[in-house]
Amino acid sequence: MQETSMRDKLEKIIKAYEDLQAKMGDPATLANQKEYNRLAKEYADQGPLVKKAREFVQAEDDLAAAKEMLSDADMKEFAQEEIAGIEARLPQLEEDIKFMLIPADPADEKDIIVEIRAAAGGDEAAIFAGDLYKMYERFAQSQGWKTETMDVSPSEAGGYKEIQFKVKGDKVYSIMKFESGVHRVQRVPKTESQGRIHTSTATVAVLPEADEIDVEINENDLRIDVYRAGGPGGQCVNTTDSAVRITHLPSGLVVQSQDQKSQLQNKIAAMAVLRARLYEKMLAEQQAAEGAERLAQIGSGDRAEKIRTYNGPQDRVTDHRIGFNSTYNSVLLGDGLGEVITALQAADRARKLEQAV
């Protein structure tokens, strides 16, 4: 029954691909450059899947023909060899197709806004938040991505109470989305004279950057407050009211920006964060509506979920979602983050593959 449903699905995909090819050759489509480019991209994207689908359909046809030959004494040996060869090839072909049929995350192609906040652990948590920021900065550099600081709240002891930055590049969200959650560090702080190990935490939120097409915001739903950079009640670093705080009344979300050079730039930066947060909320609601299977993926992206522990004295980093271990110095202080993310991506693909029809 499963083979039949797989074949039916693949025959529909092949037919849709052929229809798409015909549509691209239509004079009306050729006259509309924008529409032609859209169809051409879809055609190119579907190409590898259709190639595998045709292989699968052909293999099933060849298998049926070989089985028919079994009744012919002269052809029996040849038919048995053919059947053995095809049956050995079909499972891998089916596995490849299932993987290709997994729907892509709609946000995978997007740039991101990352928010790191010091949590439990006082000054040491702020220093750890700073270390995480440096780790992501190094990783972004190794990927050829660009980072841009949006909003910063430094800690007097070093590091940050909170830092918000943008990362731009190729498929950034598809790689960085696994970083959302609570990061825990166990180490001896520089300020600790007795050599005792402290445990501190910082939260990381990775938000896919959204544009006006993804999220429509009604200006009437916003309350915009301006204040002097440095924060209300804090030490002013600016004599003008350039900092901006935006409250989205329907959702209660509050965003702010004070690190840009002007009030307008701060408003633009704050609106980018608001759109990203609303888009993240919308994606989470969509996933919940699609059922528990989607929620079984690696991490829910929940900021309250403890995802990783960095243990300095034992030179070990453990990702709790997949039980993956690496070394503290390579991940937090070097270039080892890519190895952890690759393992998370592989585990995520394996889970999705199990759910694919």
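The values are calculated or read from the model by the stated rules, or taken from the named source; none is laboratory data. Everything numeric here is computed off the predicted structure, so don't read it as measured data. Because the Cβ atoms are built from the backbone with ideal geometry, glycine has one as well, and the counts that use them run over all protein chains shown.
Exactly one residue among Gln21, Gln46 is among the polar types (S, T, N, Q), surrounded by 15 or more Cβ atoms within 10 Å (Cβ to Cβ) and either in the same structural domain as Tyr279 (by TED's automatic domain parsing) or part of a helix (DSSP H, G or I) (or both), and that residue is Gln46. Residues of region 335-350 being over 20 Å from Gly181 (Cα atoms) and without any contact (Cβ under 8 Å) to a residue 12 or more places away in the chain, which ones? Across region 335-350, the qualifying residue is only Ala350.
When Lys51, Lys23 are checked against the criterion of being without any contact (Cβ under 8 Å) to a residue 40 or more places away in the chain and over 28 Å from the mean Cα position of the chain (by Cα), a single residue qualifies: Lys23.
Pairing each residue of region 314-326 that is within 21 Å of Val188 (Cα to Cα) with any residue that is of a type in the set (Lys, Arg), provided the two are 6+ apart or on different chains, yields C-beta distances under 8 Å for Val317/Arg308; Thr318/Arg308; Asp319/Arg308; Asn325/Arg316; Ser326/Arg316.
Taking Tyr328 as the residue in question, decide whether it is assigned by TED's automatic domain parsing to the domain that holds Arg117 and touching an Asp or Glu at 6+ places or on another chain (Cβ under 8 Å). So that I can check it myself, show each step before the final result.
Values: assigned by TED's automatic domain parsing to the domain that holds Arg117: yes; touching an Asp or Glu at 6+ places or on another chain (Cβ under 8 Å): yes.
Yes; evaluated as a whole, the condition is true for this residue.
Just to be sure before I move on: is His183 touching a Leu at 6+ places or on another chain (Cβ under 8 Å) and of a type outside the set (Lys, Arg) in the structure I sent? When the stated conditions are applied, His183 passes them. Could you tell me how many of the residues in region 126-165 are part of a helix (DSSP H, G or I) and among the basic types (Lys, Arg)? Counting residues in region 126-165 that are part of a helix (DSSP H, G or I) and among the basic types (Lys, Arg) gives 2. Does Gln92 fit the bill of being under 28 Å from Ala350 (Cβ atoms), exposed (fewer than 14 other Cβ atoms within 10 Å of the Cβ) and free of Cβ contacts under 8 Å to residues at least 12 places away in the same chain? Answer is yes for this residue.
Residues of region 170-199 that are out of contact with any helix residue (DSSP H, G or I) (no Cβ under 6 Å at 6 or more places or on another chain) and part of a loop (DSSP other than H, G, I, E, B): Asp170, Lys171, Ser180, Val188, Lys190, Thr191, Glu192, Ser193, Gln194, Gly195, Arg196, Ile197.
Provide a single number: the residues in region 24-43 that are polar (S, T, N, Q), in a helix (DSSP H, G or I) and surrounded by fewer than 14 Cβ atoms within 10 Å (Cβ to Cβ). Give the derivation first.
Start the filter on region 24-43 by keeping residues that are polar (S, T, N, Q), which leaves 29, 32-33, 37.
After this cut, where a residue has to be in a helix (DSSP H, G or I) as well, the list is 29, 33, 37.
Subset that is surrounded by fewer than 14 Cβ atoms within 10 Å (Cβ to Cβ): 33, 37.
So the answer is 2.
Which of the residues spanning region 313-357 are among the polar types (S, T, N, Q) and within 20 Å of Asp131 (Cβ to Cβ)?
At the first step, the residues of region 313-357 found to be among the polar types (S, T, N, Q) are 314, 318, 325-327, 329-330, 342, 345, 355.
If the condition is that a residue be among the polar types (S, T, N, Q) and within 20 Å of Asp131 (Cβ to Cβ), then Gln314, Thr318, Asn325, Ser326, Thr327, Asn329, Ser330 are the ones that fit.
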